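The values are calculated or read from the model by the stated rules, or taken from the named source; none is laboratory data. These figures come from a predicted structure and were not determined experimentally. Backbone-built Cβ (ideal geometry, glycine too); neighbour counts: all protein chains shown. Note: accessible area is taken over every heavy atom of the protein model, side chains too, but ligands, DNA and RNA are not part of it. Shrake-Rupley method; radii C 1.70, N 1.55, O 1.52, S 1.80 Å.
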Amino acid sequence: MNRSIISLSLICIAITACSTVSKKHAIGGFEYASKEESSTLVIPENLEQPKYKDDFVISDKINHKGPIGEQVDIRAPSLALPIAAATRIENESQQIKIWFDKVLEDKDLKTFIYQAIVDELATNQVTLSELDSDKLLYQSSWFTNEKESGWLFTSIEETVRVKFKYQLETKPHGRSVAVIVELTDYEKVNESGQTTEIDLIDKERFEMAMLNEIIAQVDFKYRSYQRENQLLRANQQLVSLGENEKGQAAYIVEMEKDMLWSNMPILFSKYGFDVNDLNESKQIYYVTYTKPETSIWDSFWGDDAPVIDLPEGKYQFHLEESENRTAVSILNEKGEGLTKNTLEEIFDVMKLALSFKDSL
């Protein structure tokens, strides 16, 4: 799915919401807005005055400049959605701050988050410029959305342009980075050239939408990176043909010797080897090889393992450490190492066996 389409759509939704009266304001009667406060009950001086309690008195000392009646914005408040791994919200002030904790040990977190912002803006053909490198303060170019009307001959009915400022904050240990988004510029012009100012609620909704897009971009990059690593491991050449320390032909396995030693019984049980003895100090397995019997039913059910094309008999598997890798030498019953040609002939099966990929 094209993320640029998703991103642009969400920005368009936020922009459209600013001008959609039916969803922004309440529908119904607003007689209460025109009601005048009733006059105080007058009690003649020669009568006893009743007792008054101020428990439920509504003070007149309130903000009279706010919206009244149908002008009241009834939309639910926008929320930050910390869907990316190791993401948390700090909501101690009017501005929402999103913290990203380190997930990828081989990536610099600040650079990773900065690149996520750049990539998110690029989906809308918007660039990011630096305002203050010491304060990690950045600003976007203009996001522009044009609303067209007409069918055969279209005209631009409305143009909305927004610009954001991005503040990054890092912890001293470098394992946590925060992002604050602020809408700095807003222009809404109709076809007659009249401009409209943005109110505080719509400003917050724009900022929250952008912040959520950044979080989604970070999550997308995390998942893409994890998938690349999985494919890399799946396609990695773990086994190659080389030589041991004595210059004899051997398989070179990209695995530490102790780990390979503990996994070798899996290979033996799956490919027809019976372990007769072992020398753990010298890392030698003494085995007997019997070619596995296969049937058409094994192939049908997918239970057949590739067969190693070696004569039946006794063999030795020697493991030697070689620069964080392990050299695996195979000797016959006479103690002679198998030749390079023999190891090449069975390489395709041994490569699969020594990487243990078919055992996962």
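For the stretch 186-196, what are the residues that are under 11 Å from Val160 (Cα atoms) and either touching a helix residue (DSSP H, G or I) at 6+ places or on another chain (Cβ under 9 Å) or open to solvent by 60 Å² or more (accessible area, probe 1.4 Å) (or both)? First the steps, then the outcome.
As a first pass, look at the stretch 186-196 and keep what is under 11 Å from Val160 (Cα atoms): 186-190, 195-196.
Tyr186, Glu187, Lys188, Thr195, Thr196 - these are the residues of the stretch 186-196 that are under 11 Å from Val160 (Cα atoms) and either touching a helix residue (DSSP H, G or I) at 6+ places or on another chain (Cβ under 9 Å) or open to solvent by 60 Å² or more (accessible area, probe 1.4 Å) (or both).
May I ask you to list pairs of residues, at least six apart or on different chains, whose Cβ atoms are under 9 Å apart, with the first in the stretch 15-43 being within 30 Å of Val162 (Cβ to Cβ) and among the β-branched types (Val, Ile, Thr) and the second being surrounded by 10 or more Cβ atoms within 10 Å (Cβ to Cβ) and modelled with pLDDT under 70?
none
Being open to solvent by less than 50 Å² (accessible area, probe 1.4 Å) and assigned to a helix (DSSP H, G or I) is the requirement here; does Ala178 meet it? First the steps, then the outcome.
Values: open to solvent by less than 50 Å² (accessible area, probe 1.4 Å): yes; assigned to a helix (DSSP H, G or I): no.
Answer is no for this residue.
Condition check ((1) exposed (fewer than 10 other Cβ atoms within 10 Å of the Cβ); (2) touching a Phe, Trp or Tyr at 6+ places or on another chain (Cβ under 8 Å); (3) modelled with pLDDT under 75) across all residues:
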position: Gln49; (1), (2), (3): yes, no, no
position: Val57; (1), (2), (3): yes, no, no
position: Asn63; (1), (2), (3): yes, no, yes
position: Ala80; (1), (2), (3): no, no, no
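Going by what's in this entry, would Glu37 be described as at pLDDT 75 or above, closer than 20 Å to Ile68 by Cβ and not hydrophobic (A, V, I, L, M, F, W, C)? It would help to see each step written out before you state the result.
On the way: at pLDDT 75 or above: no; closer than 20 Å to Ile68 by Cβ: yes; not hydrophobic (A, V, I, L, M, F, W, C): yes.
Answer is no for this residue.
Please verify whether the stretch 104-123 includes one or more residues that are part of a loop (DSSP other than H, G, I, E, B), within 21 Å of Glu207 (Cβ to Cβ) and either open to solvent by less than 50 Å² (accessible area, probe 1.4 Å) or at pLDDT 90 or above (or both). Give the steps one after another, and end with the answer.
Start the filter on the stretch 104-123 by keeping residues that are part of a loop (DSSP other than H, G, I, E, B), which leaves 104-108, 123.
If we keep only those that are within 21 Å of Glu207 (Cβ to Cβ) as well, we get 123.
Then drop every residue that is not either open to solvent by less than 50 Å² (accessible area, probe 1.4 Å) or at pLDDT 90 or above (or both), which leaves 123.
Looking for residues that are part of a loop (DSSP other than H, G, I, E, B), within 21 Å of Glu207 (Cβ to Cβ) and either open to solvent by less than 50 Å² (accessible area, probe 1.4 Å) or at pLDDT 90 or above (or both), one finds at least one in the stretch 104-123, hence yes.
Would you check if Glu169 is open to solvent by 40 Å² or more (accessible area, probe 1.4 Å), within 25 Å of Ala86 (Cβ to Cβ) and part of a strand (DSSP E or B)? Steps first, please.
Details: open to solvent by 40 Å² or more (accessible area, probe 1.4 Å): yes; within 25 Å of Ala86 (Cβ to Cβ): yes; part of a strand (DSSP E or B): yes.
It is true that Glu169 is open to solvent by 40 Å² or more (accessible area, probe 1.4 Å), within 25 Å of Ala86 (Cβ to Cβ) and part of a strand (DSSP E or B).
State yes or no: is Glu130 open to solvent by 40 Å² or more (accessible area, probe 1.4 Å) and modelled with pLDDT of 85 or more? Explain how you work it out, then say what you get.
Details: open to solvent by 40 Å² or more (accessible area, probe 1.4 Å): yes; modelled with pLDDT of 85 or more: yes.
Yes.
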